[in-house]
Amino acid sequence: MKITKLIGVCCFVIAFLNVQAQTDTASFNEMSLEQLLNVEVSVASSTNLNNRETPGIVSVITAEEIEAMNATDITDVLKRIPGMELGCDVEGVLGLGIRGNWAHEGKVLLLINGIEMNESLYATLPLEHNYPADMIEKIEIIRGPGSAMYGGAAAYAVIDVRLKSANKQRGIIANSSISAFKNALASQVNNIYVGNKTSNYSYSIIANRTTAIRGNRYFTDVYGNAYDMAKESDIENNLMAINLNVRGYNIDVVFYDYNIFSRDGYDAIFSQAYYTGFKAGHAKLSKKIELNEKFSFTPTIGYKNEKPWNFNDDYDTEEYEPFDITVTEWRSGISFTYCQSEKFNLVCGGEMNNEKAVDNNGEIFSSNNKTSITNNNAAIYAQGVLKTNLANFTIGCRANFNSIYENTFVPRIGLTKAWEKFHLKALLSQAYRAPSIQNTDANTSIQPEKSLTAEVEIGAQLTNNLSISVNGFDMSTTKTIVYSYDDVDDDDNYLNAGKSGTRGFETELKFKNKANYFGIAYSFYSTGKQSTVENYMVPQNADMQLAFPAHKIYGYVNISLNSKLHVQPQLEFKGPRYGITSYNEETDERYYQKINAMAVCNIMINSKALLAKNLNIAFGVKNIFNANDVLIQPYYDLHAPIPGKSREAILKLTYHFNFK
Amino acid sequence: MRTFFKYLWPLICFPASIFAISVFYPVKGGEMKESTVKAMFIYNFTKYLEWDKESAEEKFVIGVYRYSDMADELMLNCNQKKVNDKPIEIVTLSNYQAISKCKIIFVPAKYINDFTQIKNIAEKNNVVVITESEGMCKKGSCINIIRQEKNLRFEINIKELTDAGVKIYEQLKKLATTVY
């Protein structure tokens, strides 16, 4: 009922704003050159570095590419990124691995319109069917540490998602897709976008509803019990994102309600399906204030209220304990930008957040014997970029202060240089993972883990259409925070386990002409036998970590049959992986199984305005050869691999209407 | 540690007070995003230019060299407009090949290193090159948009426009800050 009222109010506001918008835009669009000469303009962006010069290993995927790949949610897009791979956690939740390392819990940061999406209790980032791909304008992925600028959840990667906004889309987009396995409906996704912009304000509103199932095969746990995922692995997601910019005041709001209904638990499957819910409301207010052409600053205030990993229904059961904790967070910060010239700019600032977790069932937190717990965090950071004829130099650092765990300081340095046809990047960064509320509650002496990452990238523009880049990396993490589940006490355990990390390389070859394009990416990692964290180790192969293939290839070709019809075959190849598939309770022995190399082939057909002017129709078949791309738990708890999705047909309709 | 956080409270209070003060701070109503105004400049230039060769293309193509904000702004502000009864099409160019299809090519400042190659192709194909970097008109750009304090201005290079086979109206020369 509340949602209905909210949508009603939104519609009213849209109708009102629309009338205003059309008037203001029209007057600006009809200005003559003489009039335009008198218009005052705001200060240009402070950094003027393109991707070849950015101090980071960066992948950018645009809305056009997402549309052509016929992705339904963000995980379809992330598969294309070298070194990124999904793994399974517990209770049916999926998360990300980066360059062979489990990053789901506090080491990969997701930003949606600048708002942090990692939940605060465990800092995890649940994925699949919760962020609709069709509502994304651009994704920028930093494959490597981002802590110096982005803080304690960005130790291994940063995924910066910009949703569709009035800066690019002035109108309405309605989008619906349906997909099916041979024996079950796989997913139904409905999205709507409305956005408009004038000289004084802009707004955009996105709403999504997704229903899906995780798969349609049988899941068998480590004890040999099985259930049919086609019947008991439902996923339901509702998301709403609003952006409003009025005379420079920028307000972003994101609500989501993501629920997984599954018999999937920790080790043994449950006797029936239970839900695990992630509910949150985020709001952020910011305004860029320009003092002069060189100096500006942006104050920010944010608020979050969430219930992650929530289960509180009144089931008569002892196998799944209720978990109902509300986290509220106030966040505040200010960043200063000084752009001395095109040659030098400096960004610095500070931020502070206060998190309070309250157990709604009256359970006490073990660290303070109360039903609520508070965590205060503050940080100051700075990053300067100096462009010289020799190269561009970047120096940055962040100091973090916390009320529970020890203070942290992480520096980074970078050197980039772009010639006409080549570019070079050399980066050395420290990063940290901040322990979350539940980490510090489970283990009061836990400390932040620290990573040191060295990266080198060389790129070449081979022809006007063809480019290649190769990067090598060495990531090493000390005091690695690891999770384990104690099934005797039914409790979470966290500890600083030792050293982990990987080294390897990634390469991307891309071709693009006006009509057609293709890309192929290969990634490789090895532990270099440096890991001492038993939780991630593979006994029969010391060079690999659990769940993640050492070799991965992703390739695609986009062929334009004519201006309205495009075909895109896609291939994802994964080398052998390892996972725990069974467990002998009597001898306490885990069985680590080698999962053979496999390939998933998809074909997508996209038509633009083929049947009607503003209507795009896409059809595709995912996993044509019905490979079993299992989702493996990347640490040695007793969760058997979740079977992959079988062959899936998908149909998508997108209607767009532009405001004049 | 408590004392430390006590002293860091200004970090919360400071942004809050800035917001509060900025409410009473006079709002500069007429201030626009630089790229938005540049997009409208580019559209308006078409009213003062005449291309020698009549294009076989059904659309009037404005190209933006590689990805930049400008493509978005042009798309938003000019997509439904026409030049000589031809609808405008905005394209982002990933390489030099498609330059010949354009009537105008905009080179963002961050890709200015590629200017010489772009200019060579544009000149042979009746394409107007527009830049946004200091001193580019002297270096061979047809039109260069520059910023002077809070406003945008533009310079034109008549020789380059003539070499590209484009006729320029007198009014545009009068509005330019510098004519080469």
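The values are calculated or read from the model by the stated rules, or taken from the named source; none is laboratory data. Computed from a predicted model, the values in this text were never measured in an experiment. As a convention, Cβ positions derive from the backbone with ideal geometry for all residues, glycine included, and neighbour counts pool all protein chains shown.
Only one of A:Ile192, A:Ile178, A:Ile173 is surrounded by fewer than 23 Cβ atoms within 10 Å (Cβ to Cβ) and without any contact (Cβ under 8 Å) to a residue 40 or more places away in the chain; which?
A:Ile192
Given (1) within 14 Å of another protein chain (Cβ to nearest Cβ); (2) touching a strand residue (DSSP E or B) at 6+ places or on another chain (Cβ under 6 Å); (3) not aromatic (Phe, Trp, Tyr), identify the lone condition not met by A:Lys304.
(1)
Of the residues that make up segment B:155-171, is at least one within 14 Å of chain A (Cβ to nearest Cβ) and within 16 Å of B:Met70 (Cβ to Cβ)?
No: zero hits.
Tell me which of these A:Asn345 doesn't satisfy, since it passes every other one: (1) surrounded by fewer than 19 Cβ atoms within 10 Å (Cβ to Cβ); (2) over 24 Å from A:Leu285 (Cβ atoms).
It is condition (1) that A:Asn345 fails.
Pick out the one residue from A:Ile142, A:Ile115 that is surrounded by fewer than 23 Cβ atoms within 10 Å (Cβ to Cβ), within 11 Å of the chain's Cα centre (by Cα), more than 23 Å from A:Leu638 (Cα to Cα) and β-branched (Val, Ile, Thr). Quick ask: steps written out before the conclusion?
On the way: A:Ile115 fails: within 11 Å of the chain's Cα centre (by Cα).
The conditions single out A:Ile142.
For segment A:89-103, does any single residue satisfy the condition of being outside any strand (DSSP E or B), under 30 Å from A:Phe409 (Cα atoms) and touching a helix residue (DSSP H, G or I) at 6+ places or on another chain (Cβ under 8 Å)?
no
With the condition kept exactly as written, say whether any residue in segment A:317-337 is touching a Gly at 6+ places or on another chain (Cβ under 8 Å), crowded, with 17+ Cβ neighbours inside 10 Å and at pLDDT below 90.
Yes: segment A:317-337 contains one or more residues that are touching a Gly at 6+ places or on another chain (Cβ under 8 Å), crowded, with 17+ Cβ neighbours inside 10 Å and at pLDDT below 90.
Restricting segment A:217-250 to residues that are farther than 27 Å from A:Lys279 by Cβ and among the polar types (S, T, N, Q), which is nearest to the chain's Cα centre (by Cα)?
The qualifying residue nearest to the chain's Cα centre (by Cα) is A:Thr220.
Taking the conditions exactly as written (surrounded by 14 or more Cβ atoms within 10 Å (Cβ to Cβ), at pLDDT below 90 and within 27 Å of A:Leu239 (Cβ to Cβ)), does A:Tyr303 satisfy them or not?
For A:Tyr303, the condition - surrounded by 14 or more Cβ atoms within 10 Å (Cβ to Cβ), at pLDDT below 90 and within 27 Å of A:Leu239 (Cβ to Cβ) - is not met.
For segment A:307-344, name all the residues that are away from chain B (no Cβ under 13 Å), assigned to a strand (DSSP E or B) and either under 23 Å from A:Asn118 (Cα atoms) or of a type in the set (S, T, N, Q) (or both).
A:Lys307, A:Pro308, A:Trp309, A:Asn310, A:Phe311, A:Phe323, A:Ile325, A:Thr326, A:Val327, A:Thr328, A:Thr337, A:Gln340
When you scan segment A:510-522, do you find a residue that is more than 14 Å from every other protein chain (Cβ to nearest Cβ), in contact with a strand residue (DSSP E or B) (Cβ under 8 Å, 6 or more places away or on another chain), among the aromatic types (Phe, Trp, Tyr) and surrounded by 19 or more Cβ atoms within 10 Å (Cβ to Cβ), even just one? Explain how you work it out, then say what you get.
Taking segment A:510-522 as the starting set, the residues that turn out to be more than 14 Å from every other protein chain (Cβ to nearest Cβ) are A:520-522.
Going one step further and asking which of them are in contact with a strand residue (DSSP E or B) (Cβ under 8 Å, 6 or more places away or on another chain), we end up with A:520-522.
Now restrict to residues that are among the aromatic types (Phe, Trp, Tyr): A:522.
With surrounded by 19 or more Cβ atoms within 10 Å (Cβ to Cβ) added as a condition, the list becomes none.
Checking segment A:510-522: not a single residue is more than 14 Å from every other protein chain (Cβ to nearest Cβ), in contact with a strand residue (DSSP E or B) (Cβ under 8 Å, 6 or more places away or on another chain), among the aromatic types (Phe, Trp, Tyr) and surrounded by 19 or more Cβ atoms within 10 Å (Cβ to Cβ).
Is it true that some residue in segment A:573-580 is out of contact with any strand residue (DSSP E or B) (no Cβ under 8 Å at 6 or more places or on another chain), of a type outside the set (A, V, I, L, M) and surrounded by fewer than 21 Cβ atoms within 10 Å (Cβ to Cβ)?
Within segment A:573-580 (the criterion being out of contact with any strand residue (DSSP E or B) (no Cβ under 8 Å at 6 or more places or on another chain), of a type outside the set (A, V, I, L, M) and surrounded by fewer than 21 Cβ atoms within 10 Å (Cβ to Cβ)), the answer is no, since none of the residues qualifies.
Of all residues in segment A:265-301, which are assigned to a loop (DSSP other than H, G, I, E, B), hydrophobic (A, V, I, L, M, F, W, C) and away from chain B (no Cβ under 14 Å)?
A:Ala268, A:Ile269, A:Phe270, A:Ala273
On the given criteria, is B:Lys47 surrounded by fewer than 20 Cβ atoms within 10 Å (Cβ to Cβ), closer than 30 Å to B:Asn125 by Cα, facing chain A (nearest Cβ under 9 Å) and at pLDDT 85 or above?
Judged against the criteria, B:Lys47 is a match.
Test A:Ala640 against the criterion of being farther than 24 Å from A:Leu565 by Cα, aliphatic (A, V, I, L, M) and touching a strand residue (DSSP E or B) at 6+ places or on another chain (Cβ under 9 Å), and give yes or no.
yes
Inside segment A:541-631, counting only strands (runs of 3 or more DSSP E) that do not spill past its ends, which hold 3 or more residues that are under 20 Å from A:Leu509 (Cβ atoms)? Show your work before the answer.
Details: elements: A:551-562, A:565-574, A:577-584, A:589-595, A:598-608, A:615-622.
Counting at least 3 such residues, we get A:551-562, A:565-574, A:598-608.
For the condition within 21 Å of A:Thr210 (Cα to Cα), within 14 Å of another protein chain (Cβ to nearest Cβ) and of a type in the set (D, E, K, R), what is the one hit in A:Lys164, A:Lys182?
On inspection, the qualifying residue turns out to be A:Lys164.
Identify the single condition in (1) in a loop (DSSP other than H, G, I, E, B); (2) under 15 Å from B:Ser35 (Cα atoms); (3) of a type in the set (Gly, Ala, Ser) that B:Ala71 does not satisfy, given that it satisfies every other one.
Failed condition: (1).
Of all residues in segment A:357-406, which are touching an Asp or Glu at 6+ places or on another chain (Cβ under 9 Å), among the small types (Gly, Ala, Ser) and within 14 Å of chain B (Cβ to nearest Cβ)?
A:Ala378, A:Ala379, listed by residue number.
Is there any pair with a first residue in segment B:168-180 that is touching a residue at least 60 places away in the same chain (Cβ under 8 Å) and a second that is among the hydroxyl-bearing types (Ser, Thr, Tyr) whose Cβ atoms are under 7 Å apart and which are 6 or more apart or on different chains, and what are they?
That search, which allows pairs on different chains as well, returns B:Ile168/B:Tyr48; B:Tyr169/B:Tyr48; B:Gln171/B:Tyr48; B:Leu172/B:Tyr48.
Starting from residues that are out of contact with any helix residue (DSSP H, G or I) (no Cβ under 8 Å at 6 or more places or on another chain) and more than 28 Å from A:Ala186 (Cβ to Cβ), keep the ones in segment A:224-248 and report whichever is surrounded by the most Cβ atoms within 10 Å (Cβ to Cβ).
Among those residues, the one meeting the criterion is A:Asn243.
Return yes or no: is A:Asn541 within 14 Å of chain B (Cβ to nearest Cβ), of a type outside the set (Ser, Thr, Tyr) and in contact (Cβ under 8 Å) with a residue 24 or more places away in the chain?
Taking the combined requirement at face value, the residue does not satisfy it.
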